[in-house]
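Heads up, the thing below is written out as structure tokens.
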Amino acid sequence: MRLQLSPELEAFREEMRTFFTTQVPQEIRDTVAAHRHVTKEQYIATQRVLNAAGLAVPHWPVEWGGRDWTPLQRHIWREEMQLASVPEPLAFNTSMIGPVIATFGNQEQKERFLPATANLDIWWCQGFSEPDAGSDLASLRTTAVRDGDDWVVNGQKTWTTLGQHADWIFCLVRTDPTAEKKQRGISLLVFPMDSPGVTLRPIELLDGSFEVNEVFFEDVRVPAENLIGEENRGWDYAKFLLGNERVGIARIGSTKRMLAQAKQHAREITVDGRPLLDDPRMAARIAEIENDLVALELTALRVVANSADGKPHPASSVLKLRGSELQQAATELLVDIAGPLSVASFAEKGSDVPEWARVATPHFLNYRKVSIYGGSNEVQRTIIAGSILGL
Amino acid sequence: MRLQLSPELEAFREEMRTFFTTQVPQEIRDTVAAHRHVTKEQYIATQRVLNAAGLAVPHWPVEWGGRDWTPLQRHIWREEMQLASVPEPLAFNTSMIGPVIATFGNQEQKERFLPATANLDIWWCQGFSEPDAGSDLASLRTTAVRDGDDWVVNGQKTWTTLGQHADWIFCLVRTDPTAEKKQRGISLLVFPMDSPGVTLRPIELLDGSFEVNEVFFEDVRVPAENLIGEENRGWDYAKFLLGNERVGIARIGSTKRMLAQAKQHAREITVDGRPLLDDPRMAARIAEIENDLVALELTALRVVANSADGKPHPASSVLKLRGSELQQAATELLVDIAGPLSVASFAEKGSDVPEWARVATPHFLNYRKVSIYGGSNEVQRTIIAGSILGL
Amino acid sequence: MDFNYDSEQNDLREAVAGLLARAYGDSEQRRTVVAIDPGFDEKTWSRLAEMGLLGLPFAEEHGGMGAGPVEVAIVAEEIGRVLAPEPYIEAVVLAGGLVSAVGTDAQKGELLGGLTEGTTIPTFAHAEPGTRWTPSASGVTATQSGGGWTLTGVKEPVPHGARADVLIVSAVLADGGTGLFVVRGDATGLARTGYRNHDGTRSANVRFEDTPAEPLGNGGDQTAAIERALAEARIAYSHEAVGAMDTALRTTAEYLRTRKQFGVTLNKFQALTFRAADMYVSLELARSTALWASMVQGGTGDVVAAADRARLQTSRAGRHIGKEAIQLHGGIGVTAEYKVGHYTSRLTAIDHLLGDGDFAADRLARDVASYQTVDPLGAPYA
Amino acid sequence: MDFNYDSEQNDLREAVAGLLARAYGDSEQRRTVVAIDPGFDEKTWSRLAEMGLLGLPFAEEHGGMGAGPVEVAIVAEEIGRVLAPEPYIEAVVLAGGLVSAVGTDAQKGELLGGLTEGTTIPTFAHAEPGTRWTPSASGVTATQSGGGWTLTGVKEPVPHGARADVLIVSAVLADGGTGLFVVRGDATGLARTGYRNHDGTRSANVRFEDTPAEPLGNGGDQTAAIERALAEARIAYSHEAVGAMDTALRTTAEYLRTRKQFGVTLNKFQALTFRAADMYVSLELARSTALWASMVQGGTGDVVAAADRARLQTSRAGRHIGKEAIQLHGGIGVTAEYKVGHYTSRLTAIDHLLGDGDFAADRLARDVASYQTVDPLGAPYA
């Protein structure tokens, strides 16, 4: 047991911190810190800065840009990035389809896709969920039927995050409707979003933002070479990919930043002439959330230290579950600090409501999603009860 | 809509309050207020005082001592009794077997049992739960086989509250093991606890008290005339009886009394020279529990006002569920006010720890039962989800 | 003691529900209405006027119907049920309530008359960027010059402040008290910048620069009247919240009954149905407290404390139900295209307009040592 | 940074677990032991001494093993796992820790020697009926007369105060500071009344009346040393709580897997298994925090704040798990005949011995404005 980071890791942390706070444009980091909308261009600019420095896909094989870091290094990299308000490399590229292609793709696919994926030259989106298959992913109905050298895809996907920016989609499709178990008979196809027959409908979210989309396929022709891995083994790849989804989803650095902001704002807001932060109940509320966050960070470090074999530790469900709860607690805290100002969400010039207070409630409402996506908290409880407690 | 009680009801409330605070011996009421063990003699003495004044079984048919009160009157009667720290009339007698005999018994049984039951000349206990049938009551295995003019009972009951004091037991037994549904084939028998073949084993509870018992039956002979109602219809009587169990189980008056005690003690305990009650977090905690209790009381009044037909309102599950949560919150509050003194549970002469602080934790531990007995809170949620929300 | 609505009250509810169902029975209707200024439907407002609802609590001599708080609560609950965006509580209960309580006969005649007829929408310009749920003003100052008064300073967020025809404005008096003033929408030195709130309603930044104003009533410190009006509005918002929670729970239960996952409807998952049961408990306890507070308001008891009790209970319930309604729906709950999330948005707004649960709990906590037990049917409430 | 136990630590855990399993592997063994005074098993105490565990944290020159906080934490966790009632934390961590930190060499030699060998049980007599988790004394006064000192006043509850051979007593000094004194069990003017706590352990009322006492160490104000010792004991109790929670959760999961209701085992009820999952989350977060606090203790960081963090986390977790363990068992959970309720009882005791969660949260809250973010691997902890 040792509390301190080794001198090498201390130096590593410092290096990350310095890089993120000096090499990523301040304007982009300000956008993230203020919970404003990050544009497509800002995402791309950031990822290219990171990729140029070898910091976009450190967990990939070294051959394709990876860094052979320990899980702890990757943890530090991610946390420092969040603390510095750097938009993270696009998860669909770097945590999802990239590792799948690197692991299961053929050499030609690797060469064709991996460098462009790391550099966000291709923006990927995910075609997994369907209207009638939410948490029950394996019930998907989108079909791909072989026709000569092509697959012909028909069906509908939903919850396709940032699909409006995407160049390509990776998509689970049913290729063998006769398979005995519904999990079999699913394959993974990739194709351009501008393929004939693909249409996209953005879904407006509660906070007025557009993050997710419905994607419709009507006789979309996909060349056979765009099948990733083996036919009818798509479910295995999806599980591999979704395992990665849970890693880093605790978003501790990001919540830490929100708590620091909360303290700052609670200092500015006054009640009967005294800073709100001096109110014993407000201070205790912040202290409790902060302590939960410390406990979560320490748990993340424990999990990270015990996942050397590359597989996600079953306790990573704890990180997702509690991480989302704490993100939500922090957004709610900010709304409550804003108090009566928290209604003024779409105020613009001419308003005396500070920007942080304007965005507080939309951010809170938007963040209800974090306990739903990436495996809902109900799914995480099922995993904990089942694989850890044997229930 | 009208907030005030009518002048008649105000007078009724005053009458109840005066009676309970002047006619029930102070020593008995002090015992209840201090969360000390109420003796068998104290229970009996109290119930006889109440019965002599017509206040033991007001909800029974008038012919057998009932008062033909409105549900609101009964509510006031019960709440004032709790507020005055009066031990309530024994539920097994007055809420359970009494109403069953009055409704389903024959004339001879009524005459034989009802006056003695109201006056606690017979102390009844309940033989329902079995070791392998907790919430799943209908799975009971205790059998009664007809042999001449007798039933011969074999089996085991458990959780028999205050069975150690009991003269008689009312008991669900399986009389038709071949019945298609397990709910059918059950009958209700009553017999003396000193019948040959009945043995009782007290179960020690966490707080060191003895409230519940196991009861074993070995070839206990019960005369046929001791069958209540019809053979194989015991399940209906049990449901009738358990419906009554939920009424009054919110125990609002009792929790109110605990909150008043909590305030008093939080005034006496000092932190850095200041009363604990002046601490903003402690005061807010009390205010929140108290407000929940006000909300529950108002809900009870609404439910009471809408249950004129005698049947328990489905929302009475809300009263049981929330009522038990608030009783538990109040006992926990008292432990926390006692703080470091709360460990000293079995201190006696020679201790400077005040009595209320000694009993706080045993009381807290004992009160974990209130969300389990009388239909656990899980059962109440099932009822609410099913019969109210249609889920 | 009687918690039942009488037949006239049931008729009122049915009439209001009918009117609002036509306007907002389909949640897309509301989405269309709030998308453009003024964020509500002027036609629906007129219909509310025609039905007499805009004058419900006011004396008949001023064109009102002389109804009590329970009737107002019925309207508020129905508004909450469909999230009708009309500024009923803001104009009728809060601004109208102040005029009715404080105004001169002439002011009542004019302002309440216009309000009742649907021709004049008043609002209460009280919140200031630097204050937090206080009954007094500090950021707008009233100055007497010559025969008249002028106001200077900023109010924000002012509910429907850009659309309102008349502003009732709280302002610091020379002696430090808080006075109330009437400012016309076309007054000189008045600048209003309106915007959309997250829940689709509207607020505004309102700047006064030597703006001519007329004292409401006889002038002087009106802090007590403001505290009372805020309490009455808190009670009305509690009822709006109860209506909104009721729909949020019904919608969620319906979703659990019909949505399939893993081959079965969601109501087969006990972990979900138990959570719905807990939502029901929260709702019913909040409903009881709100009802009670309206009855206290109708009597002579401590309305301010009763309002805090209703506020605390509906705040906790609103957060619980608002969050669970989304979570039990899953992804669809976070979209603007499906209705349930809008209920969460509105419940969150209600929770912060006039004081949240912690605010109410703190106020109740300050008093907790002064009595032994609470008797909701006795003093100081009845 | 390394959160893993090394092989020696794993061996230690195995040895301790083995010893305690023989003594308390069956929960009836514990029930028998705590039924009679002194509330623990003197033979087990001797075996702990033989294994060197009673001298674990002390310098080798005083008969100790010079081990660190992580080793002590391992023992505490194993104690918690079976609810061993021996006064390990009270005698070794708290009283022994004070002697080790403050005592003269002679005192260390004698008192730690006796403790290590199992022949002398010391306890820290500090709590007073009128105080609440403070590091200073107010109810017992120290007076210097001639060459010696005497104490007068009352301490209660004193853990194992009737059985202890030696009392380390905090007392008010003439200048208002808090000193530490050694009082022998057979001293004149010492009256001890022992009793059973709800969790089966023992406490006592201890009265001093001109009782001869010897200053621990060089005398003077020892408030800082007391605060430090309390912090170390809070950390050790956090580990005991983690061990207890671990067993409570395992026992509950086992019960859910095997107990049948309505024809199926309880683990078919999702509402129950989800609650068990939440218990696991609470447990693991508490475990991480306790482990971390022990590492802070082993370094040069702020132990008092780290202990408050561990205390807060284990307090919330202990209440959550303690209550749910009983509720998920149903009736059997409330009986003294089944083990799980005893874990709740012990967790409740731990939570109140040296400060509950609100106490820790309040202390942390006082500091919350003084920094931006917490880095558990950096200052002021590492």
### Task
Inspect the range C:280-295 for any residue being farther than 30 Å from A:Gly134 by Cβ and surrounded by fewer than 23 Cβ atoms within 10 Å (Cβ to Cβ) and give the result as yes or no.
no
### Message
Can you confirm whether B:Leu326 is away from chain D (no Cβ under 14 Å) and closer than 30 Å to A:Ile286 by Cα?
### Response
yes
### Query
Within the group A:Lys263, A:Lys256, which residue is free of Cβ contacts under 8 Å to residues at least 24 places away in the same chain, among the charged types (D, E, K, R), within 8 Å of another protein chain (Cβ to nearest Cβ) and crowded, with 20+ Cβ neighbours inside 10 Å?
A:Lys263
### Summary
Picking from D:Ala91, D:Ala76, the residue that is more than 21 Å from D:Thr344 (Cα to Cα), in contact (Cβ under 8 Å) with a residue 60 or more places away in the chain and not assigned by TED's automatic domain parsing to the domain that holds D:Arg287 would be D:Ala91
### Query
For the range C:237-251, does any single residue satisfy the condition of being under 30 Å from C:Ala106 (Cα atoms) and touching a residue at least 12 places away in the same chain (Cβ under 8 Å)?
yes
### Query
Any residue in the range B:294-301 that is at pLDDT 95 or above, within 13 Å of chain D (Cβ to nearest Cβ) and assigned to a helix (DSSP H, G or I)?
no
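Condition check ((1) within 30 Å of D:His329 (Cα to Cα); (2) touching a Ser or Thr at 6+ places or on another chain (Cβ under 7 Å); (3) modelled with pLDDT under 95) across all residues:
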{"residue": "B:Ile101", "(1), (2), (3)": "no, no, no"}
{"residue": "B:Ile122", "(1), (2), (3)": "no, no, no"}
{"residue": "B:Ser129", "(1), (2), (3)": "yes, yes, yes"}
{"residue": "B:Trp151", "(1), (2), (3)": "no, no, no"}
{"residue": "B:Ile169", "(1), (2), (3)": "yes, no, no"}
{"residue": "B:Gln183", "(1), (2), (3)": "yes, no, yes"}
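Could you tell me whether any residue of the range A:311-326 is closer than 28 Å to A:Met96 by Cα, without any contact (Cβ under 8 Å) to a residue 60 or more places away in the chain, of a type outside the set (Asp, Glu) and in the same structural domain as A:Tyr373 (by TED's automatic domain parsing)?
Looking for residues that are closer than 28 Å to A:Met96 by Cα, without any contact (Cβ under 8 Å) to a residue 60 or more places away in the chain, of a type outside the set (Asp, Glu) and in the same structural domain as A:Tyr373 (by TED's automatic domain parsing), one finds at least one in the range A:311-326, hence yes.
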### Query
Across the range B:173-202, what is the number of residues that are within 21 Å of B:Tyr43 (Cβ to Cβ), outside any loop (DSSP other than H, G, I, E, B) and free of Cβ contacts under 8 Å to residues at least 40 places away in the same chain?
2
### Query
Scanning for something touching a residue at least 40 places away in the same chain (Cβ under 8 Å), crowded, with 22+ Cβ neighbours inside 10 Å and in contact with a Ser or Thr (Cβ under 7 Å, 6 or more places away or on another chain), does the range B:205-212 turn up at least one residue?
yes
### Query
Taking into account only those residues within the range D:315-339 that are among the hydrophobic types (A, V, I, L, M, F, W, C) and surrounded by fewer than 24 Cβ atoms within 10 Å (Cβ to Cβ), which is nearest to the other protein chains (Cβ to nearest Cβ)?
D:Ala336
### Task
Could you list all residues from the range B:266-279 that are surrounded by 18 or more Cβ atoms within 10 Å (Cβ to Cβ) and in a helix (DSSP H, G or I)?
B:Ala266, B:Leu276, B:Leu277
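Consider the range D:160-209. How many of its residues are hydrophobic (A, V, I, L, M, F, W, C) and touching a Leu at 6+ places or on another chain (Cβ under 9 Å)?
At the first step, the residues of the range D:160-209 found to be hydrophobic (A, V, I, L, M, F, W, C) are D:162, D:164, D:166-169, D:171-174, D:180-183, D:187, D:190-191, D:204, D:206, D:208.
After this cut, where a residue has to be touching a Leu at 6+ places or on another chain (Cβ under 9 Å) as well, the list is D:166-169, D:171, D:180-183, D:187, D:190, D:206, D:208.
Residues in the range D:160-209 being hydrophobic (A, V, I, L, M, F, W, C) and touching a Leu at 6+ places or on another chain (Cβ under 9 Å): 13 in total.
Okay, residues lined up against (1) at positive phi; (2) among the hydroxyl-bearing types (Ser, Thr, Tyr); (3) within 10 Å of chain D (Cβ to nearest Cβ); (4) not in a loop (DSSP other than H, G, I, E, B):
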| site | (1), (2), (3), (4) |
| --- | --- |
| B:His313 | no, no, no, no |
| B:Val318 | no, no, no, yes |
| B:Asp336 | no, no, yes, yes |
| B:Gly339 | yes, no, yes, yes |
| B:Ser342 | no, yes, yes, yes |
| B:Ser345 | no, yes, yes, no |
| B:Val359 | no, no, yes, yes |
| B:Pro362 | no, no, yes, yes |
| B:Tyr373 | no, yes, yes, no |
### Message
One residue is enough: does the range A:149-162 have a residue meeting the conditions in contact (Cβ under 8 Å) with a residue 60 or more places away in the chain, buried (at least 16 other Cβ atoms within 10 Å of the Cβ), farther than 30 Å from C:Ala35 by Cβ and of a type in the set (S, T, N, Q)?
### Response
yes
### Subset of the range D:213-253 (residues that are closer than 18 Å to D:Phe124 by Cβ, touching a Ser or Thr at 6+ places or on another chain (Cβ under 8 Å) and modelled with pLDDT under 95)
none
### Task
Those residues that are within 17 Å of B:Glu218 (Cβ to Cβ) and assigned to a loop (DSSP other than H, G, I, E, B), I need them from the range B:141-172; list them, please.
B:Arg141, B:Thr142, B:Thr158, B:Thr160
### Query
A:Arg381: facing chain C (nearest Cβ under 9 Å), in contact (Cβ under 8 Å) with a residue 60 or more places away in the chain and closer than 17 Å to D:Leu285 by Cβ, yes or no?
yes
### Query
Given the structure, is D:Glu71 surrounded by 21 or more Cβ atoms within 10 Å (Cβ to Cβ), touching a strand residue (DSSP E or B) at 6+ places or on another chain (Cβ under 6 Å), within 30 Å of D:Leu180 (Cβ to Cβ) and not hydroxyl-bearing (Ser, Thr, Tyr)?
no
### Members of the range B:139-148 found to be over 21 Å from B:Gln183 (Cβ atoms) and touching a residue at least 12 places away in the same chain (Cβ under 8 Å), listed by number
B:Asp147
### Summary
Per the list (1) within 7 Å of another protein chain (Cβ to nearest Cβ); (2) in a helix (DSSP H, G or I); (3) touching an Asp or Glu at 6+ places or on another chain (Cβ under 9 Å), residue check on A:Ser351 breaks on (2)
#### Entry: the range C:147-198, residues that are in contact (Cβ under 8 Å) with a residue 40 or more places away in the chain, surrounded by fewer than 24 Cβ atoms within 10 Å (Cβ to Cβ) and of a type in the set (Asp, Glu)
C:Asp165, C:Asp175
### Query
Within the range A:37-120, which helices (runs of 4 or more DSSP H) (wholly inside it) include 2 or more residues that are closer than 27 Å to A:Gly323 by Cα and within 14 Å of chain D (Cβ to nearest Cβ)?
A:71-83
## Note on the structure
Residues in the range B:1-38 that are polar (S, T, N, Q) and surrounded by fewer than 13 Cβ atoms within 10 Å (Cβ to Cβ) total 4
### Message
I need a count of the residues in the range D:97-142 that are in contact with a helix residue (DSSP H, G or I) (Cβ under 6 Å, 6 or more places away or on another chain), more than 14 Å from chain B (Cβ to nearest Cβ), more than 19 Å from D:Ala164 (Cα to Cα) and of a type in the set (D, E, K, R).
### Response
0
### Query
When the range D:252-292 is examined, which residues are found to be within 28 Å of D:Glu71 (Cβ to Cβ) and within 9 Å of another protein chain (Cβ to nearest Cβ)?
D:Met279, D:Tyr280, D:Val281, D:Glu284, D:Leu285, D:Ala286, D:Arg287, D:Ser288, D:Thr289, D:Leu291, D:Trp292
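The values are calculated or read from the model by the stated rules, or taken from the named source; none is laboratory data. None of these values were measured; they are calculated from a predicted model. Quick reminder, even Gly has a Cβ in these numbers, built from the backbone with ideal geometry, and neighbours come from all protein chains shown.
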